[in-house]
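Quick note: the coordinates plus some simple rules give every number you see, no bench work behind them. Since this is a predicted model, take the numbers as computed values, not measurements. Virtual Cβ from ideal backbone geometry, glycine too; neighbours counted across all protein chains shown.
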Amino acid sequence: MSGHHPHPRQPDSEDLTWSRERLMAAAVEALLVEKRVVTSGDVARALDYWASRTPADGARLIARCWTDETFAARVMRSVNKAAGELGMDIGPTRVVAVANAPTLHNVLVCTLCSCYPIGLLGDSPGWYKSRAYRSRVVREPRAVLAEFGVRIPDDVEVRVHDSTADLRYIVVPMRPAGTEDLTEKELAGLVTRDCMIGTAVPSYDAG
Amino acid sequence: MGGLDAGPVDREEVADEPWHKRVKAVVQLLVRNPDSPMNVDELRRGIEDLPPADYDRLGYYERWSRSMAAILTEKGVFSEAELGAKMAEIEQCWERGGPT
Amino acid sequence: MNRYRNGDTVVVRAHFPPGHARAPYYTRGHAGEVVRITGPFPNAEERAYGRDGDREPLYRVRFRQRDLWPNYPGSARDTLVVDIYEHWLEPGSRQ
């Protein structure tokens, strides 16, 4: 059950890695369909659903928080319900918002596995799943943030959230200065995926 | 692993391959259905139970693949023999025409 | 009902059972403050072995980073919040 299984066939662009685990995954899927645990229609619909989950939804939610205080308050109570107001189906897993403030910077990790609000932000980046990030961000968050180009002054609290259980998190970053005249859509364009993990902060350069 | 020593964070963005998306879709179908034979906590336990050398060597979705196969075998959804036979069948098929 | 309230000081049990455990190693034996009570959720350590799992409160516990790590390199203000099931917690006092 172990060991990569080199294969003679030349990989093509749709076939980047050939591993025993890849073969195993295909076999498991086939057996689940044969045994009617899932149908191929279920799999096709799930593929479509997950392809539709992207950080754009999270960014839209944050931009609405910035333009509507009462919505922001509802986000702090329940991200799932608030996302529903915007027509997003982020799934059943409960997502909790943690808001940055002038004296507080939040950053997310899951040291146990790599839990992530995939229903709201789509797939997590590779580095979020990496041993280096998961090992280090809990013990030296400021050094890790600096590697991402984010420097937090010492008088600002850095708060790490290790989501090891039933909740998932999203960071609500602060709205950048000078964005008073931007539309909600333009604001959403400032919110990158990493801003909602806490490894970036949104910036705006009017020039 | 929280707090262990590790080197710099490699921030290169690598897109998921098509088969990664399939594993994710199948796993999520199972763990989001309360009546399915595998829940998310079992998936996590199966990942933690991988031999440490395999854990480090394997990619993220390869770990999912191994865990899902182990849990579903444990639950009796299929046997190890059935899994091995299906893998051999698919491997032959891929050798002939490539994965679909 | 919930054994702890917001603001209570709790200590994560310094317990190292075999098998699947949800309280991160680095929190065990350390004191923190309950900042939010959620759940109840089924005990994931039971569910990891296919059992239903008793429902129990899940506490968001905030630790001072300097309490968790000797020689923590950041600011004294820095904190870390972890979700911990009730059975991992004991009443505690901060040093």
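What's the magnitude of the charge dipole for the protein assembly as shown around its Cα centre, counting Lys and Arg as +1 and Asp and Glu as -1 at the beta-carbon? Answer in Debye, nearest 20.
860
Could you check which residue among A:Tyr116, A:Tyr49, A:Tyr128 shows the biggest mean-square fluctuation in a GNM of chain A with a 10 Å Cα cutoff?
In this elastic network of chain A, the residue with the biggest mean-square fluctuation among A:Tyr116, A:Tyr49, A:Tyr128 is A:Tyr49.
Connecting C-alpha atoms closer than 10 Å in a GNM of chain A, tell me which of A:Pro92, A:Pro125, A:Pro173 has the biggest fluctuation.
A:Pro92
Assuming 1.567 mPa s and 4 °C, estimate D for segment A:30-93 with Stokes-Einstein, Rh taken as the Kirkwood radius over Cα pairs, in µm²/s.
Rounded, D is 95 µm²/s.
What distance in nm separates the simple spin-label points at C:Arg66 and A:Ala73, each placed 7 Å from Cα in the Cβ direction?
It is 3.6 nm.
7 Å from Cα along Cα→Cβ at both A:Ser52 and A:Leu104: what's the point-to-point distance in nm?
With each label placed 7 Å out from Cα toward Cβ, I get 3.4 nm.
What is the sum of charges around A:Gly84, taking Lys and Arg as +1, Asp and Glu as -1, for the other residues whose C-beta is under 14 Å from the C-beta of A:Gly84?
My count for the surroundings of A:Gly84 gives +3.
How many angstrom lie between the Cα centre of segment A:77-130 and the Cα centre of segment B:69-100?
For segment A:77-130 versus segment B:69-100, the Cα centre distance is 34 Å.
Assuming a ≥ b ≥ c are the square roots of the Cα gyration tensor eigenvalues, decide whether segment B:1-45 counts as rounded (a/c under 1.5), prolate (otherwise, with a/b larger than b/c) or oblate.
Because a/c hits 1.5 or more and a/b fails to exceed b/c, segment B:1-45 counts as oblate.
Would you pull out the residues with amide H under 5 Å of C:Tyr85's amide H, same chain only if 5 or more places away, H placed 1.01 Å from N?
The answer is C:Tyr59.
Once you sort the root eigenvalues of the Cα gyration tensor of segment A:139-207 as a ≥ b ≥ c, which label holds: rounded (a/c under 1.5), prolate (a/b larger than b/c) or oblate (the other case)?
Since a/c reaches 1.5 but b/c is at least a/b, the shape of segment A:139-207 is classed as oblate.
Using just the C-alpha positions of chain C as equal point scatterers, what log10 of I(q)/I(0) does the Debye formula give at each q in 0.16, 0.19, 0.23, 0.24 1/Å?
Debye curve over Cα of chain C, log10 I(q)/I(0) at q = 0.16, 0.19, 0.23, 0.24 Å⁻¹: -0.65, -0.88, -1.19, -1.26.
In which sequence would A:Arg45, A:Arg142, A:Arg36 go, from the one with the fewest C-beta neighbours within 10 Å to the one with the most?
Ascending number of Cβ neighbours within 10 Å: A:Arg36, A:Arg45, A:Arg142.
Charges at C-beta only: +1 for Lys and Arg, -1 for Asp and Glu. How large is the resulting dipole of chain C about its Cα centre, in Debye rounded to 20?
280
Excluding A:Ala188 itself, calculate the net charge of residues whose Cβ lies under 14 Å from the Cβ of A:Ala188, where each Lys or Arg counts +1 and each Asp or Glu counts -1.
Summing Lys and Arg as +1 and Asp and Glu as -1 gives +1.
Counting Lys +1, Arg +1, Asp -1, Glu -1, what net charge surrounds A:Tyr204 among other residues with beta carbon under 13 Å of its beta carbon?
Local charge sum for A:Tyr204: -3.
Principal axes first, then extents: for the Cα atoms of chain A, list largest minus smallest coordinate on each axis, whole Å, largest first.
57, 38, 37
If each of C:Ala14 and A:Val156 carries a label point 7 Å out from its Cα toward its Cβ, how far apart are those two points in nm?
Those two pseudo-labels are separated by 3.6 nm.
I'd like the Karplus ³J(HN,Hα) series for segment A:32-42: coefficients 6.51, -1.76, 1.60, θ = phi - 60°, whole numbers in Hz, and an x wherever there's a Gly or Pro.
Values, residue by residue: 5, 6, 4, 8, 6, 6, 9, 10, 5, x, 4 Hz.
Putting +1 on Lys and Arg Cβ atoms and -1 on Asp and Glu Cβ atoms, find which of A:Leu121, A:Cys65, A:Val38 reaches farthest to the positive end of the dipole of the protein assembly as shown.
Of the options given, the answer is A:Cys65.
If you average 1/r across every pair of different Cα atoms in segment A:94-171 and take the reciprocal, what Kirkwood value do you get, in Å?
13.0 Å is the Kirkwood radius here.
Non-local amide H neighbours of C:Phe41 (under 5 Å, H modeled in plane, Pro and chain starts lacking H): which ones?
C:Glu56, C:Leu58
Using just the helices of the protein assembly as shown, give the 222 nm mean residue ellipticity in deg cm²/dmol: DSSP H runs with n ≥ 4 each add -39,500 (n - 2.57), and the total is spread over all residues, rounded to 500.
For the protein assembly as shown, the value works out to -10500 deg cm²/dmol.
Are there cysteines in the protein assembly as shown with no second cysteine's Cβ under 4.7 Å away, and if so, which?
Cysteines lacking a close Cβ partner in the protein assembly as shown: A:Cys65, A:Cys113, A:Cys195, B:Cys93.
In debye, nearest 20: dipole of segment A:80-207 around its Cα centre with unit charges on the Cβ of K, R (+) and D, E (-)?
600
If every alpha-carbon in the protein assembly as shown counts as one equal scatterer, what log10 I(q)/I(0) does Debye give at q = 0.11, 0.13 1/Å?
-0.86, -1.18
Which one of B:His20, C:Gly32, C:Leu68 has its Cα pushed farthest toward the positive end of the charge dipole of the protein assembly as shown, where Lys and Arg give +1 and Asp and Glu give -1 at the Cβ?
C:Gly32
Considering every residue in B:56-67, what mean count of other chain Cβ atoms within 10 Å of its Cβ is obtained?
5
Long-range amide H contacts for A:Arg94: which residues qualify at under 5 Å (H placed 1.01 Å from N, peptide plane, sequence gap of 5 or more or a different chain)?
A:Arg168
Using θ = phi - 60° and the Karplus curve 6.51 cos²θ - 1.76 cosθ + 1.60, what whole-Hz ³J(HN,Hα) does each residue of segment A:126-140 get, with Gly and Pro shown as x?
Running phi through 6.51 cos²θ - 1.76 cosθ + 1.60 with θ = phi - 60° gives x, 5, 5, 8, 7, 4, 4, 5, 5, 6, 8, 5, 6, 9, 9 Hz.
Order these by the 10 Å Cβ neighbour count, fewest first: C:Ser75, A:Ser135.
Fewest-to-most ranking of C:Ser75, A:Ser135: C:Ser75, A:Ser135.
Name the residue, out of A:Thr164, A:Thr39, A:Thr70, whose mean-square fluctuation peaks in a Gaussian network model built on chain A with Cα pairs under 10 Å.
A:Thr39
Under 17 Å from a point 7 Å along the Cα-to-Cβ line of C:Val35: which residues of segment A:98-115 have their amide N that close?
Answer for this model: A:98-111.
From the backbone phi of segment B:15-24, what are the Karplus-calculated ³J(HN,Hα) couplings (6.51 cos²θ - 1.76 cosθ + 1.60, θ = phi - 60°) in whole Hz, Gly and Pro given as x?
5, 5, 7, x, 6, 4, 5, 5, 4, 4
Using the reciprocal of the averaged 1/r over all distinct C-alpha pairs, how large is the Kirkwood radius of segment B:7-100 in Å?
After inverting the pairwise mean of 1/r, the radius is 14.9 Å.
Counting pairs of alpha carbon atoms under 8 Å apart in space and at least six apart in sequence, what relative contact order in percent does segment A:94-207 give?
Computed over segment A:94-207, the figure is 38 percent.
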